[in-house]
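Enquirer: Could you have a look at this structure, given as structure tokens, before my questions?
The values are calculated or read from the model by the stated rules, or taken from the named source; none is laboratory data. Predicted, not measured: the structure shown is a model, and the values here were computed from it. Glycine gets a Cβ as well: all are built from the backbone with ideal geometry, and neighbour counts include every protein chain shown. Side chains are part of the model used for accessible areas, which takes the heavy atoms of the whole protein and leaves out ligands, DNA and RNA. Shrake-Rupley method; radii C 1.70, N 1.55, O 1.52, S 1.80 Å.
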Amino acid sequence: MSKRSQISPAVITKLFLRHARHPWIAKKLVALQADKWLFNLTHSRLDEGYAKKIHQFSVRITDVCNLRCVMCGQWGENGFLRGKKLSDLKKAEVSPARYIELLDDMVANGHHPNVYLWGGEPMLYDGTLDIIGHASRLGLPPSIATNGTKLQKGIDCFTDSPLYLLQVSIDGHNAELHNGIRRPGNLDVFGAIMDGLSDMRDARERKKNDLPFIASLTTISRDNHDHLLDIYENISPMVDFLVFYPSWWIDEPSANAHAVDFERRFGQKPTLHRGWIGGWKPDNYALIESQMQAIRRRSARLGTPPAVFIPNISGVDNLREYYTNHRNSFGFDQCISIHQVVEIDSNGDMSPCRDYHDYVVGNVKEHTVTELWNSDRFRTFRQSLHRDGLMPVCSRCCGLMGY
């Protein structure tokens, strides 16, 4: 059976009681995980490309960002947005009112997904807080992934709505390392994050509300791979759990093979995947493995926040394989996110893929999500992956291994 993204029993145990206090959230997470485990038993029309309920409404709500992070596939060294005009990107964005209409329509048609906002930097989009508030009122648990520079702006909304999950990107244990990776110009991003998290925790305590859950997101990279344990030790007092990603980048051969395969399947040449081409490989896999094991031991103790590794791989040989052999998907050989998740680009394009979104099924400025969800074009994409298997870039995709 194909592997599914998973969280260790120790992490689940630590977070269970807090989730149980919020049944409107817990029942959706249980339903999502059950659908993952039982997917092939409960989805009988895979060969026709039909999907059932939408579990997550995922929106890259803006391409605008105030940072230029080294490893970013959008604005980083090879990012697909480099050279684009910010004014043009802003002009193409979907209005907050339209997103609210889309949420209402999904609920009216029997879909009750989690709502996930990201970017770009989602706190630079004017309607983010309105959308979070509306999603919460509809009983759709909202979450956000942010670079943390604008946390102060959202504290009241996040605690009152409430926001279910606040995810903050933290790539260093101190200002020198984090700011060096995030390239903020003269802005002290690390200091802004620490101040914002402190105020967020104070607001939760003052309002006697344990929401939102706070998670740090750390991308393991050439600059911080020897400071992973430092990051856990320094950041853990500020968050409820920590997530570490070994990076989703792809190599040049995979990118070239994907272009050929994609055009064979769908009759068009893809380009956006090239923003994720990278070449960094660790020079000391044993060092990364030892830090990961130390973090697992520390996070298993009572009173410490759990740590999650996505994908959850371990061992020196497996780590080396992950970075050097992009054909190995570690048992993740079936994409189910295309049957559970709606991916919306900042301009309204709806795509099956979060990062590799050359394939567009329609635009939500002109159609509702429910109209596009099982449209002919979306079903054609699902049928292709069901019939012909994954594409070359899929083996390092958060939709496959991390969702």
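Enquirer: Taking region 23-35 as the region of interest, how many residues are surrounded by fewer than 17 Cβ atoms within 10 Å (Cβ to Cβ), of a type outside the set (A, V, I, L, M) and touching a residue at least 12 places away in the same chain (Cβ under 8 Å)?
Expert: Matching residues across region 23-35 total 1.
Enquirer: Here's something else I'd like to know. Check region 371-384 and report whether any residue there is touching a Ser or Thr at 6+ places or on another chain (Cβ under 8 Å) and touching a residue at least 40 places away in the same chain (Cβ under 8 Å). Quick ask: steps written out before the conclusion?
Expert: Residues of region 371-384 that are touching a Ser or Thr at 6+ places or on another chain (Cβ under 8 Å), as a first pass: none.
So far as region 371-384 goes, no, none of its residues is touching a Ser or Thr at 6+ places or on another chain (Cβ under 8 Å) and touching a residue at least 40 places away in the same chain (Cβ under 8 Å).
Enquirer: For region 225-240, name all the residues that are farther than 16 Å from Leu151 by Cβ and surrounded by 21 or more Cβ atoms within 10 Å (Cβ to Cβ).
Expert: Leu228, Ile231, Tyr232
Enquirer: Keeping to region 227-259, report how many residues are aliphatic (A, V, I, L, M) and free of Cβ contacts under 8 Å to residues at least 60 places away in the same chain. Steps first, please.
Expert: Start the filter on region 227-259 by keeping residues that are aliphatic (A, V, I, L, M), which leaves 228-229, 231, 235, 238-239, 242-243, 250, 255, 257, 259.
Filter once more, so that each one left must be free of Cβ contacts under 8 Å to residues at least 60 places away in the same chain: 238, 259.
Of the residues in region 227-259, 2 are aliphatic (A, V, I, L, M) and free of Cβ contacts under 8 Å to residues at least 60 places away in the same chain.
Enquirer: Counting only residues that are closer than 23 Å to Leu138 by Cα and in a loop (DSSP other than H, G, I, E, B), which one in region 60-102 is nearest to the chain's Cα centre (by Cα)?
Expert: Selected residue: Val94.
Enquirer: Can you name the number of the only condition in (1) closer than 26 Å to Leu400 by Cα; (2) out of contact with any strand residue (DSSP E or B) (no Cβ under 7 Å at 6 or more places or on another chain) that Asp230 fails?
Expert: Evaluating Asp230 over (1) closer than 26 Å to Leu400 by Cα; (2) out of contact with any strand residue (DSSP E or B) (no Cβ under 7 Å at 6 or more places or on another chain) leaves (1) as the failure.
Enquirer: From the list Gly331, Gly315, Gly348, pick out the single residue that is under 28 Å from Phe266 (Cα atoms), surrounded by fewer than 17 Cβ atoms within 10 Å (Cβ to Cβ) and not hydrophobic (A, V, I, L, M, F, W, C).
Expert: Gly331
Enquirer: Could you tell me how many of the residues in region 368-403 are assigned to a loop (DSSP other than H, G, I, E, B), modelled with pLDDT of 95 or more and touching a strand residue (DSSP E or B) at 6+ places or on another chain (Cβ under 8 Å)?
Expert: The qualifying residues number 1.
Enquirer: Can you pull out the residues in region 71-104 that are β-branched (Val, Ile, Thr) and open to solvent by less than 30 Å² (accessible area, probe 1.4 Å)?
Expert: Residue satisfying the conditions is Val94 alone.
Enquirer: Among the residues of region 311-324, what is the count of those that are in contact with a Pro (Cβ under 8 Å, 6 or more places away or on another chain) and among the hydrophobic types (A, V, I, L, M, F, W, C)?
Expert: The total comes to 2.
Enquirer: I'd like the residue in region 358-370 that is open to solvent by 10 Å² or more (accessible area, probe 1.4 Å) and in contact (Cβ under 8 Å) with a residue 60 or more places away in the chain and, out of all such residues, is nearest to the chain's Cα centre (by Cα).
Expert: Residue satisfying both the conditions and the ranking: Asp358.
Enquirer: Now for a different question. Go through the residues of region 62-70 one by one and say whether even a single one is free of Cβ contacts under 8 Å to residues at least 24 places away in the same chain, of a type outside the set (Asp, Glu) and either open to solvent by 30 Å² or more (accessible area, probe 1.4 Å) or under 30 Å from Gly180 (Cα atoms) (or both).
Expert: Scanning region 62-70 turns up no residue that is free of Cβ contacts under 8 Å to residues at least 24 places away in the same chain, of a type outside the set (Asp, Glu) and either open to solvent by 30 Å² or more (accessible area, probe 1.4 Å) or under 30 Å from Gly180 (Cα atoms) (or both).
Enquirer: Just the residues that are charged (D, E, K, R), out of contact with any Asp or Glu (no Cβ under 7 Å at 6 or more places or on another chain), touching a residue at least 12 places away in the same chain (Cβ under 8 Å) and over 17 Å from Ile144 (Cβ atoms), please, taken from region 168-209.
Expert: Asp171, Arg183, Asp188, Asp195, Lys207
Enquirer: Looking only at region 204-227, decide whether some residue is assigned to a helix (DSSP H, G or I) and closer than 20 Å to Pro306 by Cα.
Expert: yes
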